[in-house]
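Reviewing the structure listed below.
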Amino acid sequence: MTKNKTYIDGSFIDGTSGVTLTSINPATGEAIAEVEENSISDVERAIAAAKRSFYKDRTWRDMDAQSRGDVLLKIADLIEENLEEIAKTESMDNGKPLREAEADVDDAVHCFRYYAGLIRAPHEGVYEVNGNFGTMHTYEVREPVGVCALITPWNFPFLMGVWKLAPALAAGNSVIFKPSSETVLSILKLFELFDQAGLPKGVVNLVIGPGGKIGNLLAESKDIDMVTFTGSTAVGQSIMRAAAGNVKKIGLELGGKSPNVIFADTDLESAVEWAMMGIFFNQGEVCCAGSRIIIEKSMKDAFVKRFAERAEKMTIGNPLENPDMGPLVSKKHMEDVLAYIEAGKAEGATLVCGGERYTEGGCADGYFIRPTIFDNCTSDMKIVREEIFGPVVTIQTFETEEEAIELANDTDYGLAGAVFTNDVTRAMRVIKEIRAGITWINCYNPSFTEAPWGGYKMSGIGRELGSHGLEEYQEIKQINLNLTPGAPGWYEN
Ligand code: NAD
């Protein structure tokens, strides 16, 4: 079995907690790798190393943007050279079909290249201003925030990491990275590539261990200037509280329960295909999943019939063999999703298809669940209100546009949403009313490195990706240069 090491202050080290973390292949239930978890004192060492690299050594922070960009380009090249190995590791560790893991790693390459380019682009302004003190120049300059803690979930382990690491590093910060314990393997590989790329000592540090202990320590530490987190809303709230101690900058990418609103004038086949992409992609373990289908009543029966036919035809199996769906990430998570399915049945929703574990064709020891559709759902049901994070979708109907919007917004979350209609005026009207940060018209799920990503309401604070994603990791300073000779003359007496 592969034995891995974490990475602190430029060295690969075994964690000193005395606890061994075993990575499990969710398709088979077999152990595939081990790593020694980090102790509190390891994490303190990582924080001290990041602090020293930012505040004392300063090599990375003071490097001109062009040279820093060159290092990021080298990292992108190294990821590209290792794409197949990283994608296979990710697929085995997380359960996502190999082609989806390959797409994630490919996106990660582009993310590093994008921020390598963006950091070179001029984005600092100079204004001539006139006020009570005469003419001045105001310079707006961007500086790195400092020592940043980055904490990520298990559903897109590599890509969610890169969405934070690439802009944080581009901006010149030093980082301590904590991945989810469920899926550490692809990130361990990334830190090997960081080491090869020659980042200065202490700029990137990897710590592994339980969120409640290590993640919380990072969120609380007064030596950390910023914490950015992707994960559940409940943990996001606890991070906000912990970060209050030294008023850290925070970035939160949290959960969702996103509406997919379908009007009857839309093409049935394409709405069905996008709805499948919306909920069954990555086994439904997607923050922006279209888990609530809200469909015009006159189209509902035809839609549900076709949707169920297509869902039942989906192939399920070993993710390395590229089925439509792989296993869920862990036994515990599979059990949580099955419990939601039981709750849906108990609350009176109509189970149209799926609703159980999949154990055929060598899948008996893995954590597979059939694609599951619940019809006749109401807004008070647990399966409609809570994020299930699996291949489970609910169906509700509407008769008027106002009703559709009301149902769509009847949620604490505000991450994503979609509308399907052939009426472009209505599409724009409805999408503007949906209180969510990421929205689609006549499609579901496409996302782009260049475009901002983040939620309204309880789905988060701040934006990743695009130019906003870089700004999250920058402080903005104004420098006022006096161009008027002499003193202000306010205190002559
Ligand atoms: P999670 O909140 O359980 O864990 C996320 C990370 O936080 C892990 O690294 C975990 O170890 C750590 N953690 C746990 N407790 C902590 C604490 N008290 N203090 C600090 N860190 C702690 O989430 P998960 O189960 O890994 O991921 C699923 C969730 O992530 C879903 O809610 C999903 O919607 C969300 N997510 C959101 C986005 C987005 O962009 N908005 C993207 C992916 C996933």
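In segment 406-415, how many residues are part of a helix (DSSP H, G or I) and surrounded by fewer than 23 Cβ atoms within 10 Å (Cβ to Cβ)? The qualifying residues number 2. Looking at Asp380, is it part of a loop (DSSP other than H, G, I, E, B), farther than 21 Å from Cys288 by Cα and modelled with pLDDT of 95 or more? Answer is no for this residue. Restricting Lys345, Lys382, Lys332, Lys313 to those that are free of Cβ contacts under 8 Å to residues at least 24 places away in the same chain, closer than 23 Å to Pro259 by Cα and of a type outside the set (S, T, N, Q) reduces the list to Lys345.
All of Ala436, Ala418 fail the test of being outside any strand (DSSP E or B), at pLDDT 95 or above, under 23 Å from the mean Cα position of the chain (by Cα) and under 30 Å from Leu165 (Cα atoms), apart from Ala436.
The combined condition, being touching a residue at least 12 places away in the same chain (Cβ under 8 Å), within 13 Å of the ligand (Cβ to nearest atom) and surrounded by fewer than 16 Cβ atoms within 10 Å (Cβ to Cβ), is not fulfilled by Asp423. Can you confirm whether segment 446-469 contains a residue that is in contact with a Phe, Trp or Tyr (Cβ under 9 Å, 6 or more places away or on another chain) and under 24 Å from Val272 (Cβ atoms)? So far as segment 446-469 goes, yes, one or more of its residues are in contact with a Phe, Trp or Tyr (Cβ under 9 Å, 6 or more places away or on another chain) and under 24 Å from Val272 (Cβ atoms). Only residues that are outside any loop (DSSP other than H, G, I, E, B), within 17 Å of Val204 (Cβ to Cβ) and either modelled with pLDDT under 95 or among the small types (Gly, Ala, Ser) (or both) were counted across segment 1-36, and they come to 2.
Of all residues in segment 308-335, those satisfying the criterion of being within 16 Å of the ligand (Cβ to nearest atom) and not in a helix (DSSP H, G or I) are Pro327, Leu328, Val329, Ser330. Among residues belonging to segment 207-239 that are without any contact (Cβ under 8 Å) to a residue 24 or more places away in the chain and more than 6 Å from the ligand (Cβ to nearest atom), point out the one that is surrounded by the fewest Cβ atoms within 10 Å (Cβ to Cβ). So, considering only residues that are without any contact (Cβ under 8 Å) to a residue 24 or more places away in the chain and more than 6 Å from the ligand (Cβ to nearest atom), the one surrounded by the fewest Cβ atoms within 10 Å (Cβ to Cβ) is Ala234. Within segment 391-414, the set of residues being in contact (Cβ under 8 Å) with a residue 24 or more places away in the chain and β-branched (Val, Ile, Thr) comprises Val392, Val393, Thr394, Ile395, Thr397, Ile405, Thr411. The set of residues from segment 250-275 being in a loop (DSSP other than H, G, I, E, B), more than 8 Å from the ligand (Cβ to nearest atom) and among the hydrophobic types (A, V, I, L, M, F, W, C) comprises Phe263, Ala264. Taking segment 336-356 as the range and being more than 14 Å from the ligand (Cβ to nearest atom), in contact with a strand residue (DSSP E or B) (Cβ under 8 Å, 6 or more places away or on another chain) and in a helix (DSSP H, G or I) as the test, the residues that pass are Leu338, Ile341, Gly344, Lys345. Taking the criterion of being of a type outside the set (A, V, I, L, M, F, W, C) and in a helix (DSSP H, G or I), the residues of segment 158-173 that qualify are Gly161, Lys164, Pro167.
Candidates Arg61, Arg68, Arg99: the one that is on the phi < 0 side of the Ramachandran plot, loosely packed, with under 15 Cβ neighbours inside 10 Å and either over 23 Å from the mean Cα position of the chain (by Cα) or part of a helix (DSSP H, G or I) (or both) is Arg99.
Picking from residues in segment 435-456 that are touching a residue at least 24 places away in the same chain (Cβ under 8 Å), more than 24 Å from Ala116 (Cα to Cα) and away from the ligand (no atom under 12 Å from the Cβ), the one that is surrounded by the most Cβ atoms within 10 Å (Cβ to Cβ) is Tyr444. Scanning segment 259-287 for residues that are in contact (Cβ under 8 Å) with a residue 60 or more places away in the chain and within 19 Å of Arg426 (Cβ to Cβ) gives Pro259, Asn260, Val261, Ile262, Phe263, Asp265, Thr266, Asp267, Ser270, Ala271, Trp274, Ala275.
Considering segment 174-206, the residues that are assigned to a strand (DSSP E or B) and among the β-branched types (Val, Ile, Thr) include one that is nearest to the ligand (Cβ to nearest atom), namely Ile176.
For Ala243, are the conditions met, namely being under 19 Å from Glu471 (Cβ atoms), surrounded by fewer than 24 Cβ atoms within 10 Å (Cβ to Cβ) and over 19 Å from the mean Cα position of the chain (by Cα)? Against the criterion (under 19 Å from Glu471 (Cβ atoms), surrounded by fewer than 24 Cβ atoms within 10 Å (Cβ to Cβ) and over 19 Å from the mean Cα position of the chain (by Cα)), Ala243 qualifies. Taking segment 395-427 as the range and being out of contact with any Asp or Glu (no Cβ under 8 Å at 6 or more places or on another chain) and not hydrophobic (A, V, I, L, M, F, W, C) as the test, the residues that pass are Gln396, Thr400, Glu401, Glu402, Glu403, Glu406, Asp410, Thr411, Asp412, Gly414, Gly417, Thr425. Would you point out the residue of segment 6-25, among those that are within 27 Å of the chain's Cα centre (by Cα) and of a type in the set (S, T, N, Q), that is farthest from Ser41 (Cα to Cα)? Filtering first and then ranking leaves Asn25. Sub-7 Å Cβ pairs linking a first residue in segment 157-177 that is within 20 Å of Val43 (Cβ to Cβ) to a second residue that is within 16 Å of the ligand (Cβ to nearest atom) and small (Gly, Ala, Ser), at least 6 apart or interchain, are Pro157/Ser180; Pro157/Ser186; Val175/Ala168; Ile176/Ala46; Ile176/Ala149; Phe177/Gly161, ordered by first then second residue.
Exactly one of these conditions fails for Val247: (1) more than 15 Å from the ligand (Cβ to nearest atom); (2) touching a residue at least 12 places away in the same chain (Cβ under 8 Å). Give me its number. Result: Val247 passes all but (2). Of the listed requirements (1) closer than 18 Å to Trp154 by Cβ; (2) touching a residue at least 12 places away in the same chain (Cβ under 8 Å), Gly290 misses just one: (1).
The values are calculated or read from the model by the stated rules, or taken from the named source; none is laboratory data. Treat the numbers as computed from the prediction; the structure is a model and nothing was measured. Quick reminder, even Gly has a Cβ in these numbers, built from the backbone with ideal geometry, and neighbours come from all protein chains shown.
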